[in-house]
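The values are calculated or read from the model by the stated rules, or taken from the named source; none is laboratory data. All of these numbers come straight from a predicted model, not from anything done at the bench. In this analysis, Cβ positions are derived from the backbone assuming ideal geometry, glycine residues included, and neighbour counts consider all displayed protein chains. For accessibility, only protein heavy atoms count, side chains too; no ligands or nucleic acids. Shrake-Rupley method; radii C 1.70, N 1.55, O 1.52, S 1.80 Å.
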Amino acid sequence: MSWFKRKDDNIQTETRKEMPEGVWVKVPETGETIHRRELEDNLWVDPLSGYHFRIGSNEYFSILFDEEKFEEIGNEIQPTDPLGFEDRKKYSDRIKNSQEKTGLSDACRIGVGKMNGLDVVVGCMDFSFIGGSMGSVVGERLGIAIDHARENKIPLIIISQTGGARMMESVLSLMQMAKTSAKLALLEEEGVPYISYMTNPTTGGVTASYAMLGDFNIAEPGALIAFAGPRVVRQTIGRDLPEGFQTAEYLLDHGFLDFILPRTKMKPKLTQLLKLVLHK
Amino acid sequence: MQYLDFEKPIAELEGKIEELKNLSNVSDGVLNNEIESLRERVDELRESIFTNLTRWQRVQLARHPDRPYTLDYISLITEEFIELHGDRYHSDDKAIVSGLAKIDGQSVMIIGHQKGRDTNSRKYRNFGMANPEGYRKAYRLMKLAEKFNIPVLTLLDTPGAYPGLEAEERGQAEAIAKNLKLMATLKVPIITIVIGEGASGGAIGIGMGNEVYMLENTWYSVISPESCSSILWKTWDYKEQAAAVLKLTAVDLKEMEVIDGVLKEPMGGAHRDFETTAATVKEQVNESLKRLKKLKPEKLVEQRIEKYTTMGAWETVK
């Protein structure tokens, strides 16, 4: 099968770096430097170019929840290694290393709190934990988030950043697509709003399940959003991809997003949207 | 008959039998005895190879170019079939065939991936890799089945949803996601059988059955062994190991309680005997239908949601 064959060795998929260390931070797209403090004050968005540095659940929770106060649920669900999976590393070691490196227990956290006075449930993925991959824990925690939203009739926001389903749990990861979609179908029956906010990158099995199932599908500027990533598509078709292919702007243009929302306007705009939906 | 690399010893013996048969046009006792003993040896050899298949060998069998495909099953297990085409938005995807059928007098909506058998038909069927239109056709026909209270049978056999430029442009991810949500609450029975390859989102995109079965020599996983090797080992050379660690066979999935049962194939694989394989599939479909038809629509949905929302493995730490 031609698309299984890698034409060139060592192709690197472009990924944005995690927040770099140091007082002065270089902006990848412009090469300019910016003071860390200034960047933080602008929610890790370069004020000049609009470049969105990748941030994690800690930062998104700080941005969205009033006075940065929220209750975390679903933490009792912890990763395990159901298949005894081992490639060049043991999966159990990958989990342990990621936990030590990031301080996170898996690639998704659930916060419950208030956003400009509105009750919200926020599920937020962390790319820093094994590429934000969706395994059983991500699926189960999001399931808890969706249940909480449904039972308490509280709007749900899921922030995605992921390379897709987690290979090391094989078909069990795949089944999390079914699980989250089934839970969202139940949420829909209760008429509780669900906003999907896609950040860079949102690909694979996550895009093909909960990320694309929002009542409102919204994305950060410039985010890569795809089913098959650009490297795979390039190999399939054997030619270069059009400029801007699979960016948030491209998806908006092709009808798959409601709008693009810069992080700096995220909180007020999502509040406004929910108030419109909830007749508030 | 095409032989896989691990079937070479079988191929050699079968070749010898053919040669002897050509020699013995007139009845020749000595040659006939020789042929008979070779046949016994082939059977023994086949049994010893096929009772100790590695996971990678099963992947190879799942991809065997002579394996029965969806249309073969349709012609072998149904009395009537009317193919229904098109997603009503863009086109008719040839990588998914679908339509209304009768199985032992029962109307059934059949939806399955379809591969081709020669160069032209492989291309025509896009190697069984559906575009968004295929998933949207499936969506439309599942809704139609629900409207007329007709059970749905889905047959999975895909190396993956097509990762092409236009597929991305027209929302491959959105099409699959919509199907998952629809299947969760569809008010008619869904029976799913993996008849070949069950590769990732492209497979589950039509695969959320109330009951799910796999033929013995098929695979179902979040990623193909080749792609898994290329990502985790950074080379394509570890596909055998990848197949092993992905635990992607029917027996593996039954152990993980992801599927409801393993359907036995004839010795040597489904491609050796279409009729027997199809009969096994038909028997399972009838048995599942009998069970599921007794359930009220709400119960069917409840059972399906319960099934998929409890899948996965984690630790609960207080």
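List of remarks:
- Of the residues B:Ser121, B:Ser221, B:Ser200, the single one that is of a type in the set (Ser, Thr, Tyr), modelled with pLDDT of 95 or more and surrounded by fewer than 24 Cβ atoms within 10 Å (Cβ to Cβ) is B:Ser121.
- Residue check for B:Ala138: in the same structural domain as B:Gly269 (by TED's automatic domain parsing), open to solvent by less than 40 Å² (accessible area, probe 1.4 Å) and free of Cβ contacts under 8 Å to residues at least 12 places away in the same chain: no
- Between B:Ala244, B:Ala250, the distinction of being under 13 Å from B:Arg55 (Cβ atoms), at the interface with chain A (Cβ under 10 Å from one of its Cβ atoms) and either of a type outside the set (Phe, Trp, Tyr) or surrounded by 20 or more Cβ atoms within 10 Å (Cβ to Cβ) (or both) belongs to B:Ala244 only.
- Scanning segment B:75-106 for residues that are under 26 Å from B:Lys290 (Cβ atoms), open to solvent by 40 Å² or more (accessible area, probe 1.4 Å), among the hydroxyl-bearing types (Ser, Thr, Tyr) and in contact (Cβ under 8 Å) with a residue 24 or more places away in the chain gives no hits.
- Members of segment B:203-218 found to be of a type outside the set (Phe, Trp, Tyr) and either open to solvent by 10 Å² or more (accessible area, probe 1.4 Å) or facing chain A (nearest Cβ under 10 Å) (or both), listed by number: B:Ala203, B:Ile204, B:Gly205, B:Gly207, B:Met208, B:Glu211, B:Glu216
Every residue, every condition in (1) open to solvent by less than 30 Å² (accessible area, probe 1.4 Å); (2) more than 10 Å from chain B (Cβ to nearest Cβ), yes or no:
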site	(1), (2)
A:Leu174	yes, no
A:Gly191	no, yes
A:Leu213	yes, no
A:Ala219	yes, yes
A:Phe227	no, no
A:Arg234	no, no
A:Ala248	yes, yes
A:His254	no, no
A:Phe259	no, yes
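- When we screen B:Thr280, B:Thr276 for residues that are more than 10 Å from every other protein chain (Cβ to nearest Cβ), under 15 Å from the mean Cα position of the chain (by Cα) and surrounded by fewer than 22 Cβ atoms within 10 Å (Cβ to Cβ), the only hit is B:Thr280.
- Any hit, segment B:42-65, residues being small (Gly, Ala, Ser), open to solvent by 10 Å² or more (accessible area, probe 1.4 Å), touching a helix residue (DSSP H, G or I) at 6+ places or on another chain (Cβ under 8 Å) and free of Cβ contacts under 8 Å to residues at least 60 places away in the same chain: no
- Matching residues, segment A:111-136, being in a helix (DSSP H, G or I) and touching a Phe, Trp or Tyr at 6+ places or on another chain (Cβ under 7 Å): A:Ser136
- B:Ala161 touching a Pro at 6+ places or on another chain (Cβ under 7 Å) and either within 14 Å of another protein chain (Cβ to nearest Cβ) or in a loop (DSSP other than H, G, I, E, B) (or both): no
- Within segment B:182-216, the set of residues being outside any strand (DSSP E or B) and either of a type in the set (Asp, Glu) or free of Cβ contacts under 8 Å to residues at least 12 places away in the same chain (or both) comprises B:Glu216 only.
- Check on A:Met125, under 14 Å from the mean Cα position of the chain (by Cα), surrounded by 21 or more Cβ atoms within 10 Å (Cβ to Cβ) and within 11 Å of chain B (Cβ to nearest Cβ): no
- Restricted to segment A:77-98, and to residues there that are exposed (fewer than 13 other Cβ atoms within 10 Å of the Cβ) and at the interface with chain B (Cβ under 10 Å from one of its Cβ atoms), the residue that is farthest from A:Ile146 (Cα to Cα) is A:Arg88.
- Test: A:Asp66 is closer than 13 Å to A:Gly113 by Cα and among the charged types (D, E, K, R): yes
- Among residues of segment A:92-110, those that are assigned to a helix (DSSP H, G or I) and either in contact with a helix residue (DSSP H, G or I) (Cβ under 7 Å, 6 or more places away or on another chain) or among the β-branched types (Val, Ile, Thr) (or both), counted: 4
- Contacts under 8 angstrom Cβ, first residue in segment A:216-245 being of a type in the set (D, E, K, R), partner assigned to a loop (DSSP other than H, G, I, E, B), 6 or more apart: A:Glu220/A:Leu261; A:Glu220/A:Pro262; A:Arg231/A:Ile11; A:Arg231/A:Thr13; A:Arg234/A:Asp240; A:Arg234/A:Leu241
- Residue that is modelled with pLDDT of 90 or more, within 16 Å of the chain's Cα centre (by Cα) and not assigned by TED's automatic domain parsing to the domain that holds B:Leu215, where the choices are B:Arg41, B:Arg58: B:Arg58
- In this structure, A:Gly103 qualifies as within 19 Å of the chain's Cα centre (by Cα), without any contact (Cβ under 8 Å) to a residue 40 or more places away in the chain and surrounded by fewer than 24 Cβ atoms within 10 Å (Cβ to Cβ).
- Qualifying residue in segment B:259-272 (condition: within 12 Å of another protein chain (Cβ to nearest Cβ), on the phi < 0 side of the Ramachandran plot and not hydroxyl-bearing (Ser, Thr, Tyr)): yes
- Index of the failed condition, B:Ala175 passing every other in (1) on the phi < 0 side of the Ramachandran plot; (2) buried (at least 24 other Cβ atoms within 10 Å of the Cβ); (3) in contact with a Ser or Thr (Cβ under 9 Å, 6 or more places away or on another chain); (4) more than 8 Å from chain A (Cβ to nearest Cβ): (3)
- Residues satisfying the stated conditions in segment A:157-167, i.e. open to solvent by 10 Å² or more (accessible area, probe 1.4 Å) and more than 7 Å from chain B (Cβ to nearest Cβ): A:Gly163
- Hey, A:Thr271 farther than 17 Å from B:Gly171 by Cβ, in the same structural domain as A:Glu188 (by TED's automatic domain parsing) and touching a Gly at 6+ places or on another chain (Cβ under 9 Å) or not: yes
- The set of residues in segment B:283-318 being within 21 Å of the chain's Cα centre (by Cα) and acidic (Asp, Glu) consists of B:Glu283, B:Glu287.
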